[in-house]
Amino acid sequence: FLFCPAMSNRFSWCFLLALLFSLSVVAQPGPQSAAPPDQSAEIGSIFTLPFSFANVGDAVGYGPIVDIYLPTTGTDGSVVGPPFDGISLSGTTASVIGRDIAVDVVTFDNNCIDHPHLVDTAHEPLQVCGVIGDTLLSIVLPFGSFIPDETVSGTVELELSQLADLGTPVTIYTRGSFEYGTTPLDDPCCDPPIVEYDEDVFTNWDSMLVTPTGFTFEKKGPTGEINIGPNFEYSFTLTAGLSVGTFDDIVITDNFSGDIVYLGHTLATPAGLTCSVTEPAIGSKPTSAFVVSCPGPYSGTMGDKIEAIISFYVPDTEADTTPTIPDHAREPQSNLASIQGDWTPVDGRDDPVTINDGPVGINFNVVSAIVTKGVSTAGDFLIGASVDFTINFAVSDYSVHDDIVITDTIGDGWVYQTGTFPTVSFEGSTYTMDSADFTEGSSSGATQDITFRLSDSLARERPSSLSSVAGSCVSPPSAPSCTGDPPAIGSITFTAFIEARYSTTVPVTSGDILINNVAWASSIRDPTDFSTVLVPSYNAASFVEAQIVTAELTKTLSLIDFSAPSNPSSIEVDANNILTFELEYSIPAGKFAGLVIADRFPIPSLLAEPLSQASTNPGSDGTPPPPSLEYAFGDRDTLTKDFAQNPSFSVDTARNEIRWTYAAYQPDTAPQVTPPALNVHLVFTIPVQNNVTADELFLTNIAEAIVSRSAADPISSLAYEFMVLRQPVLITRKGIANADSASANFSPPRASETIPIGPTFEPQVSNVEGPDAGDLIEFSFSVENVGGAGAYDIRFSDVLQNGFDIPSGGISLTIVRGDGTDLTGNIINADVTGDFFFGWS
């Protein structure tokens, strides 16, 4: 509410007040760790929990942390106590951007525990309140800073107790926080942590459910389209996954409905589990069931399973003589299975469970003929590369097809290789198709049709001039009778090549996806009289695609202060270090529609600022490097050095990111000529800023290569460089070392009357009672650096409280380093009038 007084300048008043109000809104980071979707896990198993972190605020946050609350006590343990039946951490690490990250694990030994990292403004640990016995996981993400809208994901391995309650979900909770708040300083007094849910109680956090399962049951088999006949054998796989606990009277049933021919089975069971099988007669068309019976009892362990594989083929008629494919073309089929039994949990507190799972099914289509498509090349899919397309076809054992015409539609971006002839493989021989039997369509449009008149080709090739493709169970003019002949399968192979440009003249570039379609058209004939048409038009189709090859970006910190890092696997840097990085990205396709190489730095230790191009030519090891705040093209660079493609350099201050932007490089190349591969090799040098930050602040920075594609959205490749920034951390202690009073009483007692000196000294921290007016007091004031970098220009002060005076002879001051070196003579300044202040460097 804004009140404007009734005066002539009320509008300026209102404007001023509104301006002041608007200026009071301060941008803030917003940590968020949204819980993943609900999932299930097998009792006693180790399972993977994904987690994520995002900055949903409008300012940079520092020190991102993900907290995960695990219900370790579980359903029973949280009520009646141990043994617990919930979830715990498996191992000691989480995985974030391909890197193992240590996980801090805190068990609730009280209703409220100290957070291992987050503290309040008084440096007291923030409290997390929960159930005694549950577990808090705290994951410090490997980022020092996190900009708005930035996200990262990771995983952690968890273990579900063997005592977990079947089907009773337990809840996992997550939240995010910024340990250092809005600055990289470890100064909670003035910039406390920012926590997504600052309530102590975990139940206010985001949550997801994990539902324990005691067993699994699944059925696998053919999907899509399958042929019929004994030459086309398929199988169903029934798998019962057992966990811990005792299993009795397990019965697995697969119900048949007379539409398959049973060919037998294989059965695998855990050692110690005896099972029997009731099966149909081999070669029959069963309407009965296939049954696996395992009476038990059997004590299961993780990974145990019962697996039955049932072999079959689809006949031409079902058990009741009904045609399997009434319309001679295609017909849907399904097959159902189920499992029953009893399971007694390991946890005696839980009741036994009756297993009744199913039916689970497989759905597919039985068809008269199938066509599929494949593509291959000698190496990578590159512009100009020659590719072999293979059209595979299969006619079911009881079917006859004629008037077969196969149309291959070559998509935009590749073209039939004129002057080559397709080869046909069929009936045990391979021959070259006559030019009269195929037509090469025009290649001027977006697609090109290649038409193969297979029936004409077979008639021309066969001595009998027979144009049809008959299944192996067809022996005209008699009724179908399988004699063991090979299946009616074959292929047509032809050659094409990847073009340099699409029909629109847009170049084919790295990462583009090219598509090829194939269509089969035929008539279905009577197996007893090939001249009789049963189905005048039968159609089948398939497709294949290929992607023009891309590459991965790599990033390396090659030099620190112009020397190789002493420990490349665990890099630590200090303020004012000079860092030399290398970025490398290859474009095997030799063309691209646009390319950006970007490097985003952690704030504020690495600063994105303009870099000038250096005159140096770094070799394979990055030396000689460019000077600080300059970049150069390394010896493996060809895009700029060999092909004169100079990028523009820019800085995105908001993202603290530097970029090299390359315009499209799309040189014309002759047909069937692969352009040379391109390589980007950038070497640049920047300083570590001399900013005060927390010690061991992560300086993970993210490089990205973004390639624009002609026929799709851009694709990107990420690379990470992990570093830790070391800073000094000074701890001060003050105590009374001595007093010239006989009645002086020190608390705690002093270990010595003199200040102990040495690398591991414990400074005096005693208080004193008993001195009188005029007594001399010797104070001990210590400064210890417990950080990872050296401290310079150290200054400290001590305020004289009322009741203390400087002795008439002056203050007696001694400064001694931990190794015994007397630094008293190095005092830069000492002010002993009133408050005294001194220091050394």
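As a test of reading the structure, rank 92, 623 by solvent-accessible area (1.4 Å probe, protein chains only), most first.
If we order 92, 623 from most to least accessible, we get 92, 623.
How large, in percent, is the carbon and sulfur part of the accessible surface of region 89-178 at a probe radius of 1.4 Å?
Carbon plus sulfur share of accessible area: 46 percent.
Is it possible to state the helix-based mean residue ellipticity at 222 nm for the chain, with each DSSP H run of 4+ residues giving -39500 (n - 2.57), the sum divided by total residues, to the nearest 500 deg cm²/dmol? What is it?
-1000 deg cm²/dmol
Write down the radius of gyration of region 287-442 and its Dmax, each obtained from C-alpha positions, in Å.
When restricted to Cα atoms, region 287-442 yields Rg and Dmax of 25.7, 80 Å.
Highest first, please rank the peptides 650-658, 516-524 by the mean number of other Cβ atoms sitting within 10 Å of their residues.
516-524, 650-658
State to the nearest 20 debye the size of the charge dipole of region 329-375 about its Cα centre, where the only charges are +1 on K and R beta carbons and -1 on D and E beta carbons.
The dipole magnitude comes to about 520 debye.
With a 1.4 Å probe and every protein chain left in place, tell me how much accessible area residue 187 has, in Å² to the nearest 10.
40
Run the accessible area of region 310-409 with a 1.4 Å probe and give the carbon-and-sulfur part as a rounded percent.
That share works out to 48 percent.
Principal axes first, then extents: for the Cα atoms of region 363-499, list largest minus smallest coordinate on each axis, whole Å, largest first.
53, 39, 25
Using Stokes-Einstein with the Kirkwood hydrodynamic radius over Cα pairs, what translational diffusion coefficient do you get for region 691-743 at 25 °C and a viscosity of 0.890 mPa s, in µm²/s rounded to a whole number?
Approximately 147 µm²/s, per Stokes-Einstein.
Could you give the C-alpha radius of gyration of region 266-323 expressed as a fraction of 2.2 N^0.38 Å, taking N as the number of residues it contains?
1.50
Provide the solvent-accessible area of residue 734, counting protein heavy atoms only and rolling a 1.4 Å probe, rounded to the nearest 10 Å².
90
Compute the Cα gyration tensor for region 527-640, then decide on rounded, prolate or oblate, letting a ≥ b ≥ c be the square roots of its eigenvalues: rounded whenever a/c is under 1.5, prolate when a/b is larger than b/c in the other cases, and oblate in all that remain.
Cα axes put region 527-640 in the prolate bin.
In terms of modelled amide H atoms, which long-range or inter-chain residues lie less than 5 Å from the amide H of residue 739?
It is 778, by chain and number.
By how many degrees, between 0 and 90 and to the nearest 10, does the Cα long axis of helix 10-23 differ from the longest principal axis of the chain?
80
How long is the chain along each principal axis, judged by its Cα atoms, biggest number first, in Å?
133, 76, 73
Taking the alpha carbon gyration tensor of region 329-416, what are the square roots of 5 times its eigenvalues, largest first, to the nearest whole Å?
49, 25, 9
If you place +1 on the Cβ of every Lys and Arg, -1 on the Cβ of every Asp and Glu, and leave all else neutral, what size is the dipole of the chain about its Cα centre, to the nearest 20 Debye?
Using only the charged Cβ atoms, the result is roughly 2020 debye.
Quick check for me: using +1 on Lys/Arg Cβ and -1 on Asp/Glu Cβ, what's the dipole size of region 596-646 about its Cα centre, in debye to the nearest 20?
Dipole size: approximately 80 debye.
At a 1.4 Å probe radius, carbon and sulfur cover how many percent of the accessible area of region 630-680?
Carbon plus sulfur share of accessible area: 50 percent.
Along the Cα→Cβ direction, 7 angstrom out, place labels at residue 56 and residue 824. What is the inter-label distance in nm?
Rounded to a tenth, the inter-label distance reads 6.2 nm.
Nearest 0.05, what FRET efficiency do residue 430 and residue 539 give at R0 = 35 Å with Cβ-Cβ as r?
Given R0 = 35 Å and the Cβ-Cβ separation, E is 0.85.
Using θ = phi - 60° and the Karplus relation 6.51 cos²θ - 1.76 cosθ + 1.60, list the HN-Hα couplings for region 223-233 in order, rounded to whole Hz, with x at every Gly or Pro.
So the Karplus estimates, Gly and Pro as x, are 10, x, 10, 9, 7, 10, x, x, 7, 10, 8 Hz.
Along each principal axis of its Cα atoms, how long is region 246-288 end to end? Whole angstroms, biggest number first, please.
On the principal axes, region 246-288 reaches 37, 16, 11 Å in Cα extent.
Given the options 650, 663, 684, identify the residue whose Cα lies farthest towards the positive end of the charge dipole of region 616-690 (+1 on Cβ of Lys, Arg; -1 on Cβ of Asp, Glu).
650
Using the Karplus curve 6.51 cos²θ - 1.76 cosθ + 1.60 with θ = phi - 60°, what ³J(HN,Hα) values do you get for each residue of region 489-506, in whole Hz, with x for Gly and Pro?
10, x, 7, 10, 10, 9, 10, 9, 9, 7, 7, 7, 9, 6, 5, 7, 6, 5
Amide H of residue 587 versus every other amide H placed in the peptide plane: which residues, excluding those fewer than 5 positions away on the same chain, fall under 5 Å?
678, 679, 680
Could you grab the relative contact order for region 561-720? Cα pairs under 8 Å, six or more apart, rounded to a whole percent.
Computed over region 561-720, the figure is 36 percent.
Positive end of the dipole of the chain, charges at C-beta (+1 Lys, Arg; -1 Asp, Glu), about the Cα centre: which of 694, 780, 567 has its Cα farthest in that direction?
Most positive-ward Cα: 567.
Going from most exposed to least, what order do 290, 781 have by accessible area with a 1.4 Å probe?
Greatest to least solvent exposure: 781, 290.
I need to check one value: relative contact order of the chain, counting alpha carbon pairs closer than 8 Å and at least 6 residues apart, in percent.
Contact order relative to length: 8 percent.
Keeping every protein chain present and rolling a 1.4 Å probe, give me the accessible area per residue for the chain in Å².
For the chain, the solvent-accessible area averages 45 Å² per residue.
Over region 129-286, what number does the Rg to Rh ratio reach, with both radii from the alpha-carbon atoms and Rh per Kirkwood?
1.21
Stretched out fully, how many nm does the piece from residue 97 to residue 641 gain, at 0.36 nm a residue minus the Cα gap?
192.6 nm
Considering only 251, 213, 287, whose Cα is most displaced toward the positive end of the charge dipole of the chain, charges sitting on Cβ of Lys, Arg (+1) and Asp, Glu (-1)?
287
Could you calculate the contour length gain from residue 388 to residue 459, that is, 0.36 nm times the residue separation minus the distance between their Cα atoms, to one decimal place in nm?
Extending this stretch completely gives an extra 23.0 nm.
What residues qualify as long-range amide H neighbours of residue 417, i.e. H under 5 Å apart, gap of 5 or more or another chain, H built at 1.01 Å from N?
Amide H neighbours of residue 417, under 5 Å, 5+ apart: 495, 496, 497.
At 0.36 nm per residue, and after removing the present C-alpha to C-alpha distance, how many nm does the segment from residue 783 to residue 526 gain when stretched out fully?
Stretched out fully, the residue 783 to residue 526 stretch lengthens by 82.5 nm.
So for each of 266-272, 130-136 I average, over its residues, the number of other beta carbons within 10 Å; can you give me the resulting order with the highest mean first?
Output ranking for 266-272, 130-136: 130-136, 266-272.
Determine, for each peptide in 225-231, 724-730, the mean count of other beta carbons within 10 angstrom over its residues, then list the peptides with the highest first.
The densest-packed peptide leads the list: 225-231, 724-730.
What list of ³J(HN,Hα) couplings, whole Hz, do you get for region 710-725 from phi and the Karplus terms 6.51, -1.76, 1.60, once you set θ to phi - 60° and write x for glycine and proline?
Calculated HN-Hα couplings, in order: 6, 10, 6, 5, x, 10, 10, 10, 10, 9, 10, 10, 9, 9, 10, 8 Hz.
Mind grabbing the accessible area of residue 585 for me, 1.4 Å probe, Å², rounded to tens?
10
Heavy atoms only, 1.4 Å probe, whole protein assembly: order 236, 84 by accessible area, highest first.
Per-residue accessible area, sorted high to low, gives 84, 236.
Measuring from centroid to centroid over Cα atoms, what is the spacing of region 495-523 and region 186-201 in Å?
One Cα centre to the other: 57 Å.
The values are calculated or read from the model by the stated rules, or taken from the named source; none is laboratory data. Note that the structure is predicted; figures quoted are calculated from it, not measured. Quick reminder, even Gly has a Cβ in these numbers, built from the backbone with ideal geometry, and neighbours come from all protein chains shown. Ligands, DNA and RNA are stripped out before the accessible areas are found, and what is left, the full protein with its side chains, is counted by its heavy atoms. Shrake-Rupley method; radii C 1.70, N 1.55, O 1.52, S 1.80 Å.
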